[in-house]
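Heads up, the thing below is written out as structure tokens.
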Amino acid sequence: MENILRKTGKTILLGNEAIVRGALESGVQFVSTYPGTPASEIGDSFSNILKSKKGDFYFEYSVNEKVALEAGIGASFSNLKTLVAMKNFGLNVASDSLLPFCYTGTQGPTVIVVADDPSCYSSAQSEENSRAFAQLAHMPILEPADPQECKDFVGVAFQVSQKYKIPVMVRLTTRVAHQRAVVQLKKISAIKKEGIFIENKNQFVTMPPRVLEMKKELLAKIDKIKNEVSEKSFLNKIQNQRSKLNSKTEFSQGENEGEDETKSHRFQNSKVGIITSGISYLYTIESLKELSLDIPVLKLGFFHPLPEEKIKKFIGSPVTGLKKVLVIEELEPYLEREVERLAKNTNPKIQIFGKNYLSEIGELKTENIIPLLAKITGKKIKKNKNIEIDPIKHLPRFCSGCPYWNVFNGIKKATTKYKNIIFGGDIGCYMMAATCFDSFYDYLSCMGSSIGIGHGIAKATNGKKQKIISFIGDSTFFHSGIPALINCVHNESDILLIILDNQITAMTGHQPHPGIKNGKPRIKIENIIKALEIKNWKKIDPLKNYNDFIKTAEKFLDQKGVSVIIASHPCWLYYGKKK
Amino acid sequence: MVRKNKNFNIIVAGVGGQGLISLAKIIAESAFSSGYDIKTSELHGLSQRGGSVKINIRFGQKIYSPLVLKGKADLIIVLESQETLSNIYFSSAKTNFLINNEQTPTLGKTISEKKLVKEMKIFSNNFELVSAGETCQKELKTSAPTGIFLLSLALQKKLLPLSEKSILKAIKKILPKKYWEVNLKAFELSKK
């Protein structure tokens, strides 16, 4: 935290910390989030700054990402400078609010930071590429490559949002969010958080027929941002050796003070060019250095809207332009498809290389780019010796004092007499039951789904042959388990739900949730269960009353209808260590 | 000193909970205060849950990618010996390994020390198994500063082009004050 709050000069920051610094330099007034790796440190840093009374902004951990975004929308409508942070799947949850927010536009400038996780290092459900929201939501998206850009791009995003009254997304990936590097700082500017909501039904109410006018206005905004910002901004520029971005402050300033790179001798002699963005840019430069190649690179800071004219100029004509262009990007070829589309009219003969050589699956690495560059330029490379080893891996597991050991051991015991029990998993530390208890779960999908999917299975199989036990953590229960549980009651399911109540959001770094505030109980899960008039429920400490836990599970399995056990014992890693 | 146009690449490996991120932050801070550009890449989330962890640290005149290329590591520090083999592909014949001779249980396959040494000999002549954790436990009643013990050892053996002064300063900058004493003791302990 000390580094984030340093007055000026240079310091080392994690990408996520640099996001926070960028927001502080821009004078952020309202921040909301739901924790999720690899975005968690953004909220945690804001939280820590407030805890030590060194900030004047509002911050909250919201119950889920949709509500976090809605809180942010309210703050923006009340003219506050707002930042909302989440991981990629959070944006799916929030998308219902995101699309109309792009229609209404912002009052206070708003930046939405979203972190993707190529290779799924800390993500279970899919290898999501949030760039797709550019097309779905018509929202500008910026892609920083390193912590310096994380900080600078947040500033640019606020400026664009302020000028064009549109939320702007800053998209990170794990290798950007969790990259530590030297960052040149500017002054923090604190602006008091006094919002005011001024009635403007024309802007804030998305009812037809107005909603279609809003869409027209939104598309016009994107077009304006493309022409006035994306085409001119230093964020999209041709470079090989990294240029100093820090000397610039205004987002629409041109590249190299009016110097046109495409007219340079170096560029005109090159028949090959590279278009890239985000972390892929760093891998590209690294590859060029490894191969001692000097090839012009168009680095795009804006993923949306793309600087189409700049790209066309870079590709050139069939006569004077490039013969080959490489589009180097991680995951799906969103950028490559756009380059293909633009090349059709400008330089149809150009050869486009990209996903025909690079995988759409898993994170990109320098090691993947080097052979492709060598092939295209005819450079010879030494082949890495293939090392044949079968390395030992430590799979993640429950901590040694974790209460979940007892929960899953207990359930195994309680279910020995049944053959076909279906175990439904959810998102959180208890996913590791799969590594600790021999592929424990029968299905596992997204936040809150253990209950919803379990209900569907119960209805489909009539609950006759197979019993269903769903597991959900406390934070996940609040996040999106509650509507699913209400649905079970409403539609009369036969299901046993185990709520793993360790009184903290453990997996993502011990953030609070609605059940716990300042270390004290707040909303009690049992009160929610009672309100739903579920008859078979019990709150049990699986460590103190292990046998009761097993017996209750056995008993509830024989009952009809919805049963709930709240397995309640504090997270050892958080509370045990604190003692 | 790191030669011009040459970067120094380190992999720190082990299992979650061993203080790997703190160790990487200390090395990065020390290199930064010595005038180098630095970058690291970490993975969070599962890092406290006993899973395999590897951290990339790079410093030099100008660093682009935060990731160490295959075969380009100068130094590989391993805090849990079984994790050594999964980092072999970062190494070349020139790479030095410092390995804490300590194991934590896995949920699957394991490897004995004898077999590990045998396999390592196929790839490298520059590796050393050190009873870092054991020595810390014995002398300091805690194995928490094992990483600092190995870091100090790397300095003594001239495997890391950073000054003792800058490392000591970085320890004080990165770690909370209450951990200074035990870590500085571990730093001295490796000199014996």
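The values are calculated or read from the model by the stated rules, or taken from the named source; none is laboratory data. Here the structure is a predicted model, which is why all the values come from computation and not from measurement. With ideal geometry, Cβ positions are generated from the backbone for all residues, glycine too; neighbour counts draw on all protein chains shown.
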Taking region A:339-377 and keeping residues touching a strand residue (DSSP E or B) at 6+ places or on another chain (Cβ under 9 Å) and of a type in the set (Asp, Glu) leaves A:340, A:363
So how many residues does region A:333-366 have that are out of contact with any Ser or Thr (no Cβ under 9 Å at 6 or more places or on another chain), under 17 Å from residue A:283 (Cβ atoms) and acidic (Asp, Glu)? 2
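Matching residues to (1) of a type in the set (S, T, N, Q); (2) without any contact (Cβ under 8 Å) to a residue 60 or more places away in the chain; (3) within 30 Å of residue A:208 (Cα to Cα):
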| residue | (1), (2), (3) |
| --- | --- |
| A:60 | no, yes, no |
| A:67 | no, yes, yes |
| A:75 | no, no, yes |
| A:81 | no, no, yes |
| A:103 | no, no, yes |
Of these, A:149, A:199, which one is exposed (fewer than 14 other Cβ atoms within 10 Å of the Cβ) and not hydrophobic (A, V, I, L, M, F, W, C)? A:199
It is to be established whether one or more residues within region A:392-413 are among the aromatic types (Phe, Trp, Tyr) and assigned to a strand (DSSP E or B). no
Considering only residues that are more than 12 Å from every other protein chain (Cβ to nearest Cβ) and among the small types (Gly, Ala, Ser), look in region A:419-432 and name the one that is surrounded by the most Cβ atoms within 10 Å (Cβ to Cβ). A:424
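Being buried (at least 24 other Cβ atoms within 10 Å of the Cβ) and either over 26 Å from residue B:49 (Cβ atoms) or modelled with pLDDT under 95 (or both) narrows it down to one residue among A:532, A:485, A:500; which is it?
On the way: A:532 fails: buried (at least 24 other Cβ atoms within 10 Å of the Cβ); A:500 fails: either over 26 Å from residue B:49 (Cβ atoms) or modelled with pLDDT under 95 (or both).
After applying the criteria, what remains is A:485.
Considering only residues of region A:27-78 that are among the acidic types (Asp, Glu) and out of contact with any helix residue (DSSP H, G or I) (no Cβ under 7 Å at 6 or more places or on another chain), which is modelled with the lowest pLDDT?
Initial filter on region A:27-78 (among the acidic types (Asp, Glu)): A:41, A:44, A:56, A:60, A:65, A:70.
Restricting the remaining residues to those that are out of contact with any helix residue (DSSP H, G or I) (no Cβ under 7 Å at 6 or more places or on another chain) gives A:44, A:56.
Numbers: A:44: 97, A:56: 92.
In this case the residue turns out to be A:56.
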Hey, among the residues in region A:117-144 that are surrounded by fewer than 18 Cβ atoms within 10 Å (Cβ to Cβ) and not polar (S, T, N, Q), which one's farthest from residue A:426 (Cα to Cα)? A:136
Go through (1) more than 7 Å from chain A (Cβ to nearest Cβ); (2) closer than 15 Å to residue A:181 by Cβ; (3) surrounded by fewer than 23 Cβ atoms within 10 Å (Cβ to Cβ) for residue B:92 and report which single condition fails. (2)
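Name the one entry in A:378, A:362 that is at positive phi and touching a residue at least 24 places away in the same chain (Cβ under 8 Å). First the steps, then the outcome.
Details: A:378 fails: touching a residue at least 24 places away in the same chain (Cβ under 8 Å).
Just a single option satisfies the conditions, and that option is A:362.
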Selected residue (criterion: surrounded by the most Cβ atoms within 10 Å (Cβ to Cβ)) from residues of region B:56-77 that are under 30 Å from residue A:432 (Cβ atoms), at the interface with chain A (Cβ under 9 Å from one of its Cβ atoms) and hydrophobic (A, V, I, L, M, F, W, C): B:57
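Give me the residue from region B:109-144 that is among the charged types (D, E, K, R) and under 26 Å from residue B:71 (Cα atoms) and, out of that set, surrounded by the most Cβ atoms within 10 Å (Cβ to Cβ). Let's see the steps before the verdict.
At the first step, the residues of region B:109-144 found to be among the charged types (D, E, K, R) are B:109, B:113-115, B:118-119, B:121, B:128, B:134, B:138-139, B:141.
Now narrow it down to the ones that are under 26 Å from residue B:71 (Cα atoms): B:109, B:113-115, B:118-119, B:121, B:128.
Working: B:109: 10, B:113: 14, B:114: 8, B:115: 11, B:118: 11, B:119: 17, B:121: 10, B:128: 13.
Filtering first and then ranking leaves B:119.
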Give the residue that is farthest from residue A:228 (Cα to Cα), with candidates limited to residues of region A:146-200 that are among the hydroxyl-bearing types (Ser, Thr, Tyr) and within 12 Å of chain B (Cβ to nearest Cβ). A:174
Total residues in region B:13-55, condition within 19 Å of residue B:163 (Cα to Cα), more than 10 Å from chain A (Cβ to nearest Cβ) and basic (Lys, Arg): 0
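Yes or no, residue by residue, for (1) within 14 Å of chain B (Cβ to nearest Cβ); (2) assigned to a strand (DSSP E or B):
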position: A:466; (1), (2): no, no
position: A:472; (1), (2): no, yes
position: A:478; (1), (2): no, no
position: A:484; (1), (2): no, no
position: A:489; (1), (2): no, no
position: A:500; (1), (2): no, yes
position: A:503; (1), (2): no, no
position: A:507; (1), (2): yes, no
Those helices (runs of 4 or more DSSP H) completely within region A:264-343 that have 3 or more residues that are under 26 Å from residue B:62 (Cβ atoms) are A:265-269, A:279-290
Return yes or no: is residue A:479 modelled with pLDDT of 95 or more and under 21 Å from residue A:89 (Cα atoms)? yes
What's the number of the only condition in (1) over 10 Å from residue B:11 (Cβ atoms); (2) within 11 Å of chain A (Cβ to nearest Cβ) that residue B:113 fails to meet? (2)
When you scan region A:101-108, do you find a residue that is at pLDDT 95 or above and within 14 Å of another protein chain (Cβ to nearest Cβ), even just one? no
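Are any of the residues in region A:347-357 of a type in the set (Phe, Trp, Tyr) and not in a helix (DSSP H, G or I)? Walk me through how you get there before you give the answer.
Going through region A:347-357, the residues of a type in the set (Phe, Trp, Tyr) turn out to be A:353, A:357.
If we keep only those that are not in a helix (DSSP H, G or I) too, we end up with A:353, A:357.
Within region A:347-357 (the criterion being of a type in the set (Phe, Trp, Tyr) and not in a helix (DSSP H, G or I)), the answer is yes, since at least one residue qualifies.
Residue under question is residue A:376, and the condition is that it be more than 14 Å from chain B (Cβ to nearest Cβ) and in contact with a Lys or Arg (Cβ under 8 Å, 6 or more places away or on another chain); does it hold?
For residue A:376, the condition - more than 14 Å from chain B (Cβ to nearest Cβ) and in contact with a Lys or Arg (Cβ under 8 Å, 6 or more places away or on another chain) - is met.
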Identify all residues within region A:267-292 that are surrounded by fewer than 24 Cβ atoms within 10 Å (Cβ to Cβ) and away from chain B (no Cβ under 14 Å); write none if there are none. A:267, A:268, A:269, A:270, A:271, A:272, A:273
From A:370, A:387, A:376, which residue is in a loop (DSSP other than H, G, I, E, B) and either touching a helix residue (DSSP H, G or I) at 6+ places or on another chain (Cβ under 9 Å) or surrounded by 17 or more Cβ atoms within 10 Å (Cβ to Cβ) (or both)? A:387
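Counting just the residues of region A:513-523 that are surrounded by 15 or more Cβ atoms within 10 Å (Cβ to Cβ) and out of contact with any Phe, Trp or Tyr (no Cβ under 6 Å at 6 or more places or on another chain), which one comes out farthest from the other protein chains (Cβ to nearest Cβ)?
The initial filter retains those residues of region A:513-523 that are surrounded by 15 or more Cβ atoms within 10 Å (Cβ to Cβ), namely A:513-516.
Pick out the ones that are also out of contact with any Phe, Trp or Tyr (no Cβ under 6 Å at 6 or more places or on another chain) and you get A:515-516.
Working: A:515: 21, A:516: 19 Å.
Selected residue: A:515.
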Does residue A:553 satisfy the criteria of being away from chain B (no Cβ under 14 Å), in contact (Cβ under 8 Å) with a residue 60 or more places away in the chain and touching a Pro at 6+ places or on another chain (Cβ under 6 Å)? no
Going through region B:105-129 in order, the residues found to be outside any helix (DSSP H, G or I) and over 26 Å from residue A:396 (Cβ atoms) are B:124, B:125, B:126, B:127, B:128
State yes or no: is residue A:345 over 28 Å from the mean Cα position of the chain (by Cα) and surrounded by fewer than 13 Cβ atoms within 10 Å (Cβ to Cβ)? yes
Scan region A:442-459 for residues that are crowded, with 19+ Cβ neighbours inside 10 Å and either part of a loop (DSSP other than H, G, I, E, B) or under 23 Å from the mean Cα position of the chain (by Cα) (or both) and jot them down. A:444, A:447, A:448, A:449, A:450
